[in-house]
Ligand code: HEM
């Protein structure tokens with residue numbers, strides 16, 4: 001047994017503190033990064049503080065992973081794992097909360113509302129953690145299989161029709177706003193089509209709902225690294241999609257803002273220099289990476305079901321994840337103003 005598998009019972013009991021503390025730190029990391037950037041404290045300082053914001057979902061993911069490899073799943077382990085999944089999704093959750101507060105005209109209190117929400121979550125956590133989740137998921141195994149297949153088919157459809165072109169479009173950001181716009185205008189002709197757009201949105205909502213149903217048993221089962229990645233990325237995407245659709249349709253388009261690249265990257269101020277928009281850096285970059293990682297893990301499941309060897313499955317999955325990391329770097333660089 002490895003060292004992480006042998007975490008003592010007492011340590012596991014308190015593991016939930018890790019994602020909780022990390023989530024509380026998240027807005028501070030963003031605030032300090034923004035202040036360092038504006039005060040021209042130097043690129044290494046801003047970078048270090050930004051990386052500490054990224055460390056929040058990374059630490060939370062570590063917790064999802066560690067809880068997944070324990071030999072015994074107690075109620076506290078399961079709940080720590082669910083809390084960790086939520087902390088992985090801190091970037092889109094913080095963005096969603098910020099947009100909702102802005103729409104409610106509550107400005108400048110994001111940090112305190114965020115802390116209050118997490119404290120409320122912990123209060124709930126401590127109240128329910130003494131009881132094991134009571135649903136026996138194995139009794140509904142066939143329903144879960146059908147739902148997983150539907151979730152997979154919908155993923156492929158939405159990937160081909162919208163997501164692959166959408167992310168391809170964002171790769172053009174490094175060539176400048178004009179190049180991005182030229183590709184977007186061609187793509188808008190397709191996805192803004194009067195009958196296709198509602199289908200895309202409904203499919204995304206189906207993905208969120210089916211994903212939330214599928215994630216519940218997953219947080220109670222033992223899991224390896226890639227299983228943990230699939231669960232954690234699923235939690236991130238559920239919040240990201242809800243947050244992103246709300247931003248595009250409610251915050252922007254409803255009020256007549258053109259949802260172009262300049263809007264997405266907070267031009268002309270820039271994402272790092274704007275105290276509110278700096279949260280979009282981890283929010284968007286992790287969305288690209290975790291979307292591709294989530295699809296890669298889904299592909300691994302399909303390959304396994306078709307008898308492909310574990311080694312081949314793992315090689316293919318990690319290759320796709322590697323491509324995702326590259327795409328994420330290019331898109332993020334473009335969003336931060338790097339031009340080639
Ligand atoms: C770097 C990452 C991303 C950026 C900067 C971004 C930005 C944008 C922008 C600017 C729009 C409006 C497009 C337009 O007006 O034509 C949009 C629409 C949308 N995005 Fe993203 N996006 C990103 C990633 C994603 C991901 C990962 C998803 C899904 C998992 C997603 C789902 C959507 C959806 C559903 C729409 C609405 C499409 C419609 O008009 O019907 N985006 N995004």
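Side notes on the structure shown:
- Pairwise label distance in nanometres, residue 35 with residue 182, each label 7 Å out on the Cα-Cβ vector: 4.3
- Gyration tensor (alpha-carbon) shape descriptor, region 139-193, a/c threshold 1.5: prolate
- Förster radius 22 Å - calculated FRET efficiency between residue 13 and residue 127 (Cβ-Cβ, nearest 0.05): 0.90
- Global geometry of region 42-181, whether rounded, prolate or oblate, following the gyration tensor of its Cα atoms and the 1.5 cut on a/c: oblate
- Here the contact order of region 270-340, divided by its residue count and restricted to Cα pairs under 8 Å and six or more residues apart, works out to 44 percent.
- Centre separation in Å (Cα based) which lies between region 27-41 and region 292-340: 31
- Residue 318-residue 105 FRET efficiency (beta carbon distance; Förster radius 45 Å; 0.05 resolution): 0.45
- Convex hull volume of the C-alpha atoms in region 7-113, normalised per residue: 107 Å³.
- FRET efficiency for residue 138 and residue 208, using Cβ-Cβ distance with R0 set to 25 Å, rounded to 0.05: 0.50
- Inter-label distance, nm, simple model (7 Å from Cα along the C-beta direction), residue 157/residue 47: 4.5
- Its Cα gyration tensor gives region 252-328 an equivalent ellipsoid, and the semi-axes of that ellipsoid, as √(5λ) in whole Å with the largest first, are 37, 13, 8.
- Sequence-distant contacts, meaning Cα pairs under 8 Å at least 6 residues apart, place the relative contact order of region 9-335 at 24 percent.
- Annotation: the residues 261, 102, sorted from fewest to most other C-beta atoms within 10 Å of their own C-beta, follow the order 102, 261.
- At q = 0.10, 0.13, 0.14, 0.16 Å⁻¹, base-10 log of I(q)/I(0) for region 9-335 (Debye sum, equal scatterers on each alpha carbon): -0.61, -1.06, -1.23, -1.57
- Gain in span if fully extended, residue 72 to residue 21, counting 0.36 nm per residue against the direct Cα distance: 15.9 nm
- In a fully extended conformation the segment linking residue 145 and residue 245 would gain 33.2 nm over its present Cα-Cα distance, using 0.36 nm per residue.
- Only DSSP H runs of four or more residues enter the estimate; each adds -39500 (n - 2.57), and after division by the residues of the chain the mean residue ellipticity at 222 nm equals -24000 deg cm²/dmol.
No value in this document is a laboratory result; all are computed from the given coordinates. All figures in this text were calculated on a predicted structure; none of them were measured in a lab. Every residue, glycine as well, gets a Cβ built from its backbone with ideal geometry; the counts of neighbours run over all protein chains shown.
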